[in-house]
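Structure first, then comments.
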Amino acid sequence: MRRVALVTLVVDDYDEAIRFYTDALGFRLVEDEPRPDGSRWVVVEPDARGGGAAGHGTGLLLARARSAEQRTRLGDQTGGRVGFFLHTDDFARDHARMTAAGVTFLEEPRHEPYGTVAVFQDLYGNRWDLLQPAG
C-alpha cells in the first residue's frame with residue numbers, strides 16, 4: 001500500500017498553529033518533538049470523532065518558516081487556490097462548530113453534485129474546502 005502520509009504547511013508559529021488546528025478545526029496533535037536545530041516536528045491530523053479518519057488520512061506537518069522566502073509563502077502556498085480539502089460526514093455539525101470557533105468562511109455553504117461545500121481560510125489565509133461528499 002502507498003499513500004501520501006504528510007503534507008508540509010508553512011506556519012509562522014508552532015503553538016499558534018497547533019491551537020488553530022486542534023481547537024478551531026478539531027484536529028488532533030499527533031507529534032510535537034523538538035529537533036536538534038531548534039525547530040520542532042509537529043504533526044496534526046483530523047480527529048476521527050470529528051468526522052475524519054484519524055491515522056488513515058494525510059497529516060499536516062506544521063513547519064515554522066525559517067527564512068524570508070519561506071515567510072512570503074505564509075497563507076499563499078497554492079497561489080490563491082483552494083489547496084486543502086477537509087472531508088466530513090456531517091457538514092452542518094462541523095460548519096457550525098468551526099464558525100463558533102472563529103473560522104472565517106469565504107462563502108455560504110452550497111450544494112453541488114459532488115456534495116455540500118464551503119470555502120474557509122486557515123489562520124494564515126490558505127484556502128480550504130469543508131466538504132461532505134455526496135452519497
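Miscellaneous remarks
- Pairs of alpha carbons in segment 67-135 separated by more than 20 Å make up 31% of all such pairs.
- Taking all protein chains into account, the per residue accessible area for the chain stands at 57 Å² (1.4 Å probe).
- Overall form of segment 53-99 per C-alpha gyration tensor (a/c, 1.5; a/b vs b/c): prolate
- Only Cα pairs under 8 Å and 6+ residues apart enter the sum, and on that basis the relative contact order of segment 57-135 stands at 34 percent.
- Helix 91-100 axis, angle to the chain major axis (alpha carbon atoms, nearest 10°): 50
- Per-residue ellipticity at 222 nm computed for the chain from its helices equals -3500 deg cm²/dmol, with DSSP H segments shorter than 4 residues left out and the rest contributing -39,500 (n - 2.57).
- Protein-only accessible surface order, largest first, of Thr104, Thr88 at 1.4 Å: Thr104, Thr88
- In segment 5-127, Cα pairs under 8 Å separated by at least six residues give a relative contact order of 26 percent.
- For percent of Cα pairs over 24 Å apart, calculated from these coordinates, the label among [x] 28; [y] 40; [z] 23: [x]
- Mean-square fluctuations from a GNM of the chain, with a 10 angstrom spring cutoff on Cα atoms, peak among Pro36, Pro46, Pro109 at Pro36.
- Here the accessible area is traced with a 1.4 Å probe on the protein chains. For the chain, carbon and sulfur cover 49 percent of it.
- For the residues Ala96, Ala24, Ala68, a GNM of the chain with alpha-carbon springs under 10 Å puts the largest fluctuation on Ala68.
The values are calculated or read from the model by the stated rules, or taken from the named source; none is laboratory data. Every value quoted in this text rests on a predicted model; they were computed, and no experiment measured them. Protein only, heavy atoms only, side chains kept; ligands, DNA and RNA dropped before computing areas. Shrake-Rupley method; radii C 1.70, N 1.55, O 1.52, S 1.80 Å.
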